[in-house]
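Data block below; observations after.
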Amino acid sequence: MNEVTTFSATVSATIRDGILVVTIDNAPVNATSADVRSGLEKALAHADAAPGIRGVVITGAGKTFIGGADIREFGKPAIEPILPVVIEKIEASSKPVVAALNGAALGGGLELALACHYRIASPSAQVGLPEVKLGIVPGAGGTQRLPRLIGVPAAIELIASGRIAKAKEALSLCILDELAETDLVDAAIEAARRLTGASPRKTGELTAAPADPTEIDKASGKILAKARGQKAPAEAVRLVASSHRPLAAGLADERATFLTLRDSREAAALRHIFFAEREASKVAGLEGIDARPVVTIGICGLGLMGSGIAVAALGAGYTVIGLDQSLEAAQKGRQRIIGLLERNLASGRLDQAGFEAQATRLSVTVTDADLAPCDLVIEAVFDDLTVKIDLFRRLDKVVRPETILATNTSYLNPDEIAAATAHPERVLGLHFFSPAHVMRLLEVVRCKETALDVLATGLAVAKRLRKLPVVTGVTEGFIGNRIFSAYRREAEYLLEDGALPHEIDAALEDYGFPMGLFAVYDMAGLEIAWARRKRQAAIRDPSERYVEIADRLCEAGRLGQKSGRGWYAYPDGKRTIDPEVTAIIEAERAKRSIAARSFSQDEIQKRLLNAMAAEGEALLAEGIAARASDIDLVMINGYGFPAYKGGPMFAKS
Ligand code: T1G
């Protein structure tokens, strides 16, 4: 058994065949904490000083090589040695240093590997510089070393997008030198031995050929357009595009840029979201509660929503039994699902074997009893209480008592649906966002009677569906639609008070929303909200200000893009300000004797943000939302709130 040398609490090493095999063991993701950096520095010094050591291998314990710098250290005073110093010592080492990527090498983890003299990975490894997703740029040489290895255009695309590349692509890009078909560490030791005596391959000594502006635009154009007002992607492009400079100059510029961005509000917002996403599925009281096993999922209603849910479930490896009310509807639903799978096949997201496996796991029926084997049944039928209650009563008769029944309702009260079943404790809401096979957000609705293990199962299924689950209590519209209604109401108040639809939409888009509220309404159609307003008219609080402008538009047949007119006109499909809408708004103001006034963008943004945050505070006070960051996640992932602003609760803080 080789002797283990401990360099720090998280860095130890053994010597095999004259090679110092250094292992980083810093759960959960081997982030390069101060202890890791100090341990690596000691290990390198030890290797340099020991004549019997001819080379070094660096690898990670567990399933991650290095998940990056320790994000939790951001905003705190730097602790020496900082990562760039350790990385430069690796590159300057007199003995070959081989990176053995046992898993994800991200951010600082990839930057460390880039400074090694050889990079070998297990086939399941992934690499990336996702710093822009945290509002920063790589701060330990990534923007300077990566282009030296793979060229400026490829480096721009990877760094400005922050995307992750699988091992095979990384090998083809020359980020990796080798994929280990056998034992990774054995192969890395072999590589180190081969490099002993040869001149070390120092990435920093390579030169990055300057790229011409057209290549730079081609690599960065779409990414920067999508990034909208974010600073980090544009800075990443600038740094990579100028990586033909001497390494020292590039590294200095990169470090200064990283430090400036790291302390920005935008980076703080994106770090807030990073941790919020991981907090959201931690629900008080669920510690130690096991989820029920789910293998087969029934889906009632194979329309747009039901089919999307079916595709997500098939993609997650579940068996799916689809139920609809007629053979024609069931067949149509099946065709829609298979069509979506075929699109995944055509786009390369699925291979032929995967397509066939998923298609085989799908069956459709018109017979309730065929749902008997289901461990979970999700209904996505017409959003009417009687229809849903009737369905759940039928399901009661065919599924096992422990089968979980989930309603996908957006606005109905799941407690009323649960109360109609024989086992209300097994009912919860799973509120998907359309298209359900694309949108990550999933509101997991905890009903009054929902059992703890049923809630735990909802969260486990959400995770396996690769959704972002946010637990909500029962209230009309849950978290997202309730805040959306509040912000829509405020926008309509602004219309009555003097603003116009295009001014409000411009203010929202200037703030970072991909599309303004009224443009979204025109795209989705005005009739659904109109029908809901008419249903609610009888119970509306007469003391609450109610704006009738949207009703006037609907009564005039202005139902949005599909009717050719809505809040805007669409001559030859182009969204255009319509004086007719302005006239309707002015008539409504006159009816209420409102003296219109103009609003600045800043004022519009503040009023809408305040309306969202106020409703968020109410949801927290009522216990509907467990934490403010959950509300931020819902508004970012379901309603277009710009992530780099952190969400309405963060933005107000
Ligand atoms: N720092 C601190 N904590 C981290 C972390 C990190 N880099 N990455 C993950 N965690 C925590 C996370 O909060 C969670 O904590 C637990 O680890 C498991 O995470 C110099 C400056 C690596 C692919 O952006 O993408 O390097 O909830 O649930 O699904 O240029 O974590 O258990 O308490 O996500 O297996 C760049 C971020 C940093 C990668 C693993 N790196 N991490 O996924 O686990 S900046 C990143 C991830 C940087 C350099 C710059 C993923 C993962 P808790 P998890 P996972």
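Per 10 Å bin, what is the whole-percent P(r) computed from every C-alpha pair distance within segment 480-623?
Each 10 Å bin holds this share of Cα pairs: 11, 40, 39, 9, 1.
About the Cα centre of segment 396-533, what is the dipole size in debye to 20, counting +1 per Lys and Arg Cβ and -1 per Asp and Glu Cβ, all else neutral? It would help to have the intermediate numbers written out before the result.
Working: 15 positive and 19 negative charges, 181 e Å.
So the magnitude is around 880 debye.
May I ask you to give the average projected area over all directions of the convex hull of the Cα atoms of segment 5-266, in nm² rounded to one decimal? Before the final figure, lay out each step's value.
Values: hull surface 51.1 nm².
In nm², the orientation-averaged hull projection of segment 5-266 is 12.8.
Once you charge only the Cβ atoms, +1 for Lys and Arg and -1 for Asp and Glu, what is the size of the charge dipole of the chain about its Cα centre, to the nearest 20 debye?
Working: 77 positive and 82 negative charges, 111 e Å.
Roughly 540 debye for the chain.
Just in segment 409-507: which GluC sites (Glu not before Pro) are loop by DSSP and have at most 11 other Cβ atoms within 10 Å? Numbers along the way, then the final one.
Details: sites: E416, E425, E443, E449, E476, E490, E492, E496, E503; in loops: E449, E476.
The qualifying sites: there are none.
Could you give each residue of segment 175-184 its phi-based ³J(HN,Hα) in whole Hz, using Karplus coefficients 6.51, -1.76, 1.60 with θ = phi - 60°, and x for Gly or Pro?
These are the phi-based 3J(HN,Hα) values: 6, 9, 9, 7, 10, 7, 7, 10, 5, 4 Hz.
Hey, can you rank 17-24, 138-145, 346-353, 526-533 by average C-beta count inside 10 Å, highest first?
Numbers: 17-24: 22.2, 138-145: 29.0, 346-353: 10.5, 526-533: 15.5.
By packing density, highest mean first, the sequence is 138-145, 17-24, 526-533, 346-353.
Under 17 Å from the Cα of K397, which lysines turn up, not counting those fewer than eight places away in the same chain?
Reachable lysines: K388.
Using alpha-carbon positions, what is the distance between the centroids of segment 418-447 and segment 1-76, in Å?
45 Å
Can you give the relative contact order of segment 90-239 as a percent, counting alpha carbon pairs under 8 Å and 6+ residues apart?
On the way: 278 pairs, mean separation 45.9, N = 150.
Relative CO of segment 90-239 lands at 31 percent.
Just in segment 241-277: which GluC sites (Glu not before Pro) are loop by DSSP and have at most 14 other Cβ atoms within 10 Å? Can you show the working numbers first?
Numbers: sites: E254, E266, E277; in loops: none.
Taking segment 241-277 and a limit of 14 other Cβ atoms within 10 Å, no loop GluC sites (Glu not before Pro) are found.
Tell me, what is the 1.4 Å probe accessible area of H244, in Å² to the nearest 10?
100 Å²
Measure out, as a whole number of angstrom, how far apart the alpha-carbon centroids of segment 558-629 and segment 262-284 sit.
29 Å
Using modelled backbone amide H atoms (1.01 Å from N, in-plane), which distant-in-sequence or interchain residues come within less than 5 Å of R16's amide H?
V21
Could you tell me which of S172, L442, H431 has its Cα farthest along the dipole of the chain towards the positive end, charges placed at Cβ (Lys, Arg +1; Asp, Glu -1), taken about the Cα centre?
Projecting each Cα onto the dipole axis, the largest value belongs to S172.
What relative contact order, as a whole-number percentage, does segment 296-474 give when Cα pairs under 8 Å and 6 or more residues apart are counted?
Values: 354 pairs, mean separation 38.2, N = 179.
With pairs under 8 Å counted, the relative contact order is 21 percent.
Going toward the positive end of the dipole of the chain, with +1 on Lys and Arg Cβ and -1 on Asp and Glu Cβ, which of Q325, W530, G162 do you reach last?
Of the listed residues, the answer is G162.
Solvent-accessible area of S600, probe 1.4 Å, all protein chains present, reported in Å² to the nearest ten, please.
60 Å²
With every protein chain present, what is the per residue accessible area of the chain (1.4 Å probe, Å²)?
Numbers: 27430 Å² over 653 residues.
Result: 42 Å² per residue.
Which value at 222 nm does the chain reach when only helices count, each DSSP H run of 4 or more adding -39,500 (n - 2.57), with the total divided by all residues and rounded to the nearest 500 deg cm²/dmol? Don't skip to the end; give the middle numbers.
Details: 26 runs with 306 residues, N = 653.
For the chain, the value works out to -14500 deg cm²/dmol.
Taking θ = phi - 60°, what integer Hz values does the Karplus form 6.51 cos²θ - 1.76 cosθ + 1.60 yield along segment 457-462, in sequence order, with x for Gly and Pro?
5, x, 5, 5, 5, 4
Can you pull out the trypsin sites (Lys or Arg not before Pro) in segment 466-519 that DSSP calls coil and that have at most 12 other Cβ atoms within 10 Å? Walk me through the numbers on the way to the answer.
Numbers: sites: R466, K467, R482, R488, R489; in loops: R466, K467.
Here the trypsin sites (Lys or Arg not before Pro) that fit, given the DSSP loop and packing criteria, are R466.
Under a Cβ-only charge scheme (Lys and Arg +1, Asp and Glu -1), can you give me the dipole magnitude of segment 47-169 about the Cα centre, in debye to the nearest 20?
Values: 13 positive and 10 negative charges, 69 e Å.
Its charge dipole is roughly 320 debye.
In whole Hz, what ³J(HN,Hα) sequence does segment 488-500 give by Karplus (6.51, -1.76, 1.60; θ = phi - 60°), x for Gly and Pro?
3J(HN,Hα) across segment 488-500, in whole Hz: 5, 4, 5, 5, 6, 4, 4, 4, 5, 7, x, 7, 10.
So what's the projected area for segment 549-653, the Cα convex hull averaged over all directions, in nm²?
Values: hull surface 36.8 nm².
Answer in nm², one decimal: 9.2.
Out of residues 5 or more away from R565 or on other chains, whose amide H comes under 5 Å of its own, with H placed 1.01 Å from N in the peptide plane?
For R565, the qualifying residues are L559, G560.
Starting from the amide H of I378, placed 1.01 Å from N in the peptide plane, find each other amide H under 5 Å away whose residue is 5 or more places distant or on another chain.
G298, I299, C300, A406
Using a Cα-Cα cut-off of under 17 Å, which lysines could be cross-linked to K467, ignoring same-chain neighbours fewer than 8 residues away?
Partners found: K282.
Starting from the Cα of A357, step 7 Å along the direction of its Cβ; do the same at I79; then give the gap between the two resulting points in nm.
4.3 nm
Before anything else, pin down the relative contact order of the chain: Cα pairs under 8 Å, at least 6 apart, normalised by residue count, whole percent. Write down the numbers at each step before the final one.
On the way: 1268 pairs, mean separation 60.3, N = 653.
Contact order relative to length: 9 percent.
Using +1 at the C-beta of Lys and Arg and -1 at the C-beta of Asp and Glu, which of V152, V398, M305 has the Cα lying farthest in the positive direction of the dipole of the chain?
V152
Output the Kirkwood hydrodynamic radius of the chain, Cα pairs only, in Å rounded to one decimal. The partial results should precede the final answer.
Details: mean 1/r = 0.0361 Å⁻¹.
Result for the chain, one decimal place: 27.7 Å.
When all protein chains stay in place, what accessible area (Å², nearest 10, 1.4 Å probe) is found for K591?
130 Å²
Pull up the cross-link candidates among the aspartates and glutamates for K448, meaning alpha carbon to alpha carbon under 13 Å and not fewer than 8 places away within one chain.
D415, E416, E425
If you stretched the chain out fully between A618 and R163, how much longer would it get, using 0.36 nm times the residue separation minus the C-alpha to C-alpha distance?
Working: separation 455, 0.36 × 455 = 163.80 nm, distance 3.70 nm.
Going from the current span to full extension adds 160.1 nm.
The values are calculated or read from the model by the stated rules, or taken from the named source; none is laboratory data. Values in this document were obtained by computation on a predicted structure and should not be read as measured data. Backbone-built Cβ (ideal geometry, glycine too); neighbour counts: all protein chains shown. For accessibility, only protein heavy atoms count, side chains too; no ligands or nucleic acids. Shrake-Rupley method; radii C 1.70, N 1.55, O 1.52, S 1.80 Å.
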